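Colleague: Okay, handing you the structure first.
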Amino acid sequence: MPWKSDLTWTGHTAGAATTVHQGRTWHLSKHLSPPDAEGRYSPYERWYLHADDGQGQPHPDPVGTTLGRNRVNAQRLAELVITGWENSHQLRPGDGVQLWRRTGGDGTLVPLDELLVGRHR
């Protein structure tokens, strides 16, 4: 089963999109990564999820780490975060697929590929 978004995204521009979920506004923005520990910047822009600042703009600090360089994939990952999933920063043994879990859930780990085909949502 292919991915089906449960959220409506608006303002699809080259570097931004916005959605509202349970009364809370979220912004998906493309920008440069913060510098690493040695002060170096990546030359590539990446997608980040931002909460709303209360004025209709993205909060300056992103929610979590980068969602990658591909907008479609970043939007899918953003939707998972918005709807209560978090990256466990663990990988499935054997194939290295990211494992995610429900925020505040029982800690059960779910492979990202299963989430992206609509299971467990």
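Read the figures in this text as sums done on the coordinates, not as results from a lab. A quick note: this is a predicted structure, and the numbers were derived from the prediction, not measured. Glycine gets a Cβ as well: all are built from the backbone with ideal geometry, and neighbour counts include every protein chain shown.
Colleague: Sequence gap at least 6, Cα distance under 8 Å: using those rules, report the relative contact order of the range 9-69 to the nearest whole percent.
Modeller: Values: 110 pairs, mean separation 15.2, N = 61.
Once normalised by length, the contact order is 25 percent.
Colleague: In what order do 42, 33 fall by count of nearby beta-carbon atoms within 10 Å, going from fewest to most? List each step's numbers first, then the result.
Modeller: Working: 42 13, 33 16.
Starting with the residue having the fewest Cβ neighbours, the order is 42, 33.
Colleague: Output the Kirkwood hydrodynamic radius of the range 1-67, Cα pairs only, in Å rounded to one decimal. The partial results should precede the final answer.
Modeller: On the way: mean 1/r = 0.0759 Å⁻¹.
Roughly 13.2 Å, rounded to one decimal.
Colleague: Points 7 angstrom from Cα along the Cβ direction at residue 7 and residue 88: gap in nanometres?
Modeller: Placing both labels 7 Å beyond Cα along the Cβ direction yields 2.3 nm.
Colleague: With viscosity set to 1.306 mPa s and temperature to 10 °C, compute the Stokes-Einstein D of the range 68-121, Rh being the Kirkwood radius across alpha carbon pairs; µm²/s, no decimals.
Modeller: On the way: Rh = 11.4 Å.
The calculation lands on 139 µm²/s.
Colleague: Could you pull out the trypsin sites (Lys or Arg not before Pro) across the range 37-116 that fall in loop regions by DSSP (anything but H, G, I, E, B) with no more than 13 other Cβ atoms inside 10 Å?
Modeller: Values: sites: 40, 46, 69, 71, 76, 101, 102; in loops: 40, 69.
Sparse-neighbourhood loop trypsin sites (Lys or Arg not before Pro): 40, 69.
Colleague: Rounded to whole Å and sorted largest first, what semi-axes of the equivalent ellipsoid does the C-alpha gyration tensor of the chain yield via the square root of 5 times each eigenvalue?
Modeller: Largest first, the chain gives 23, 19, 14 Å.
Colleague: Please get the size of the charge dipole for the chain, origin at its Cα centre, with Cβ charges of +1 on Lys and Arg and -1 on Asp and Glu, quoted in debye to the nearest 20. Write out the running numbers ahead of the final one.
Modeller: Values: 13 positive and 13 negative charges, 62 e Å.
Result for the chain is approximately 300 debye, rounded to the nearest 20.
Colleague: While we're on this one: Would you calculate a helix-derived [θ] at 222 nm for the chain, using -39,500 (n - 2.57) for each DSSP H run of n ≥ 4 and dividing by the full residue count, to the nearest 500? Mind showing how you got there, number by number?
Modeller: Values: 2 runs with 17 residues, N = 121.
Using -39500 (n - 2.57) per qualifying helix, the result is -4000 deg cm²/dmol.
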